[in-house]
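Step one of this worksheet: look at the structure below.
The values are calculated or read from the model by the stated rules, or taken from the named source; none is laboratory data. Values in this document were obtained by computation on a predicted structure and should not be read as measured data. Positions of Cβ are generated from backbone atoms using ideal geometry, with glycine treated the same way; all protein chains shown enter the neighbour counts.
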Amino acid sequence: MTMIDARSPADPFAEIDLYRPTRVDVPSAWYGHVPFGHWLVGAVRPDLLVELGTHNGVSFSSFCDAVIAAGLPTTCYAVDTWAGDFQAGEYGEDVWVDWSAFCARRYGDFTHLLRTTFDEAAEQFSPGSIDLLHIDGLHTYEAVRNDVDRWLPKVSSRGVVIMHDIAERDREFGVWRVWDELKAAYPSFEFHHEHGLGVLAVGADVPEALRPFVEADETEASRLRARFAAAGERLKLDEERLDLHRRLAQSYRDREAEMERAQQYESETSAEATALRGQVGRISAENEALQAQIRELRTSTSWRVSAPVRAAGSVVAKLKGR
C-alpha cells in the first residue's frame, strides 16, 4: 500500500488548492467534488472520457479544464437530454443554450455534446473504449442499474468509473444500493461529502495514480477524504461568496431601477399636477372674464332702458301661468 501524507511538503495534491473552475455562476451539487474530478483526469490521462448527466456542466467543465491544463489528447463526450427529470427538476431550453455555447467557446476542439438518452448514446461507443466514465443521471435504483449494465462493457482495461450521490438516500435515490453492489466486486474508494462520490477501478489494469486510494487502509482513507473535502469546501465557499456578491449587485440594480421608476412617476405626477393647475387657472380666468362681462352688461344704458320691458314680460309670464 502506498501511503500519502497530505500534510507533507511533498503533498502530491497541492495543485488542487490552486485550481479554480471556469464554469461557475450556475447551480450544481458537484462543486465540492470539482478538485478531485480535475485531479483525476490529469492523473489517469484518459484517451476517451464520457459523462452521463451533465446539466449545467460543472463536473464536465472541471474534466475539460484538466485536459487543457495537462495538454492531453483526450476526447470528451457529455450525454444528456438537457430536459431534467423528477429528481433533478425539469428545466427550460435556456440551460442547454447557455451550456452548449459555453462548451463550444472553451472546449469545442475536443468535446462532443450528445443530446439524447443514455441508452441511445451507448450504441455509439465500442466495447472497451472508455477510460473514464462518470455516471450522474436519474438516481433511482432501476435507472442506475441500467446505466451500469449498459455502459460498463464500454469501459477499457484501465478504466475508471465515478458515481455521484452514493451517500444520498432521499427522494427515491438508489445509487447507494448499486454502489454497494459494485464496490464488493471492484477496487473502490468513496468520498462522503457533497452527497458522496464513488470511485471504481473496473479494469484489470488499475491506474497507478489510483492505487493510493483503492489500497488505502481506513486511516489513510480518512486522510484522503479530509484532504479533498477541504479543497471542495473552499471552492464551495468561493462560489457562495460569488453568489452573494451577485445577488447583492442584482439587489442594488433592482433598487436603482425602482428608484428611477419612482422618480419617473413623481416627475409625471408633478407634470400632471402642473397641467391641472394651469387648466384650473384658465377656467378661473375665463370665469372672471364672464363675470366682468355680466357686470358690464347690467350697468349699461341698454340694460337700464330695457328694464320695464323685462318687468312686463315677467308679469305676463305669471298671468299665463295662472
| message | Can you tell me how many residues within region 18-47 are touching a Pro at 6+ places or on another chain (Cβ under 8 Å) and in a helix (DSSP H, G or I)? | response | 5
| message | Can you list residue pairs whose Cβ atoms sit under 8 Å apart, with the first residue in region 138-162 being acidic (Asp, Glu) and the second being part of a strand (DSSP E or B)? Count only pairs 6 or more apart in sequence or on different chains. | response | Asp147/Leu52; Asp147/Ile135
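Filtering region 94-113 down to residues that are surrounded by fewer than 14 Cβ atoms within 10 Å (Cβ to Cβ) and among the hydrophobic types (A, V, I, L, M, F, W, C), which residue is farthest from the chain's Cα centre (by Cα)?
First, pick out the residues of region 94-113 that are surrounded by fewer than 14 Cβ atoms within 10 Å (Cβ to Cβ): 94, 97, 101, 104-105, 108-109.
Filter once more, so that each one left must be among the hydrophobic types (A, V, I, L, M, F, W, C): 97, 101, 104.
On the way: Val97: 12, Ala101: 14, Ala104: 18 Å.
By that ranking, first place goes to Ala104.
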| message | Looking only at region 197-215, how many residues end up being surrounded by fewer than 20 Cβ atoms within 10 Å (Cβ to Cβ), without any contact (Cβ under 8 Å) to a residue 40 or more places away in the chain and touching a strand residue (DSSP E or B) at 6+ places or on another chain (Cβ under 8 Å)? | response | 1
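Go over the candidates Glu194, Glu190, Glu181 one by one and state the one that is modelled with pLDDT under 95 and either touching a Lys or Arg at 6+ places or on another chain (Cβ under 9 Å) or on the phi > 0 side of the Ramachandran plot (or both). Before the answer, list the steps.
Values: Glu190 fails: modelled with pLDDT under 95; Glu181 fails: modelled with pLDDT under 95.
Of the residues listed, the single one that is modelled with pLDDT under 95 and either touching a Lys or Arg at 6+ places or on another chain (Cβ under 9 Å) or on the phi > 0 side of the Ramachandran plot (or both) is Glu194.
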| said: Need pairs with beta-carbon distance below 6 Å; first residue without any contact (Cβ under 8 Å) to a residue 40 or more places away in the chain and within region 99-119, second of a type in the set (Val, Ile, Thr) and surrounded by 14 or more Cβ atoms within 10 Å (Cβ to Cβ); sequence gap 6+ or separate chains. | reply: Leu114/Val79
| query | Going by the conditions given, is Arg253 part of a helix (DSSP H, G or I), farther than 30 Å from Asp11 by Cβ and modelled with pLDDT of 70 or more? | reply | yes
| task | Identify, from the list Leu52, Leu40, Leu18, Leu72, the residue that is under 26 Å from Leu224 (Cβ atoms) and without any contact (Cβ under 8 Å) to a residue 12 or more places away in the chain. | result | Leu18
| task | Within region 169-179, count every residue that is surrounded by fewer than 17 Cβ atoms within 10 Å (Cβ to Cβ) and within 23 Å of Gly232 (Cβ to Cβ). | result | 3
| task | Could you please give the count of residues in region 217-238 that are within 23 Å of Tyr19 (Cβ to Cβ) and either touching a Lys or Arg at 6+ places or on another chain (Cβ under 8 Å) or β-branched (Val, Ile, Thr) (or both)? | result | 2
| Is it the case that Ala216 is part of a loop (DSSP other than H, G, I, E, B), under 30 Å from Leu132 (Cα atoms) and at pLDDT 85 or above? | yes
| field | When residues of region 124-141 are limited to those that are more than 12 Å from Trp176 (Cα to Cα) and under 28 Å from the mean Cα position of the chain (by Cα), the one surrounded by the fewest Cβ atoms within 10 Å (Cβ to Cβ) | value | Leu138
| surrounded by fewer than 18 Cβ atoms within 10 Å (Cβ to Cβ), farther than 19 Å from Ile16 by Cα and touching a strand residue (DSSP E or B) at 6+ places or on another chain (Cβ under 8 Å) - does that describe any residue in region 248-256? | no
| If we scan region 75-89, do we find a residue that is touching a Gly at 6+ places or on another chain (Cβ under 7 Å) and free of Cβ contacts under 8 Å to residues at least 24 places away in the same chain? | no
| Does Gly159 satisfy the condition of being over 26 Å from Ala226 (Cβ atoms), modelled with pLDDT of 95 or more, surrounded by 22 or more Cβ atoms within 10 Å (Cβ to Cβ) and among the small types (Gly, Ala, Ser)? | yes
| task | Kindly indicate whether any position in region 98-108 is out of contact with any Asp or Glu (no Cβ under 6 Å at 6 or more places or on another chain), at pLDDT 95 or above, under 25 Å from Val175 (Cα atoms) and not charged (D, E, K, R). | result | no
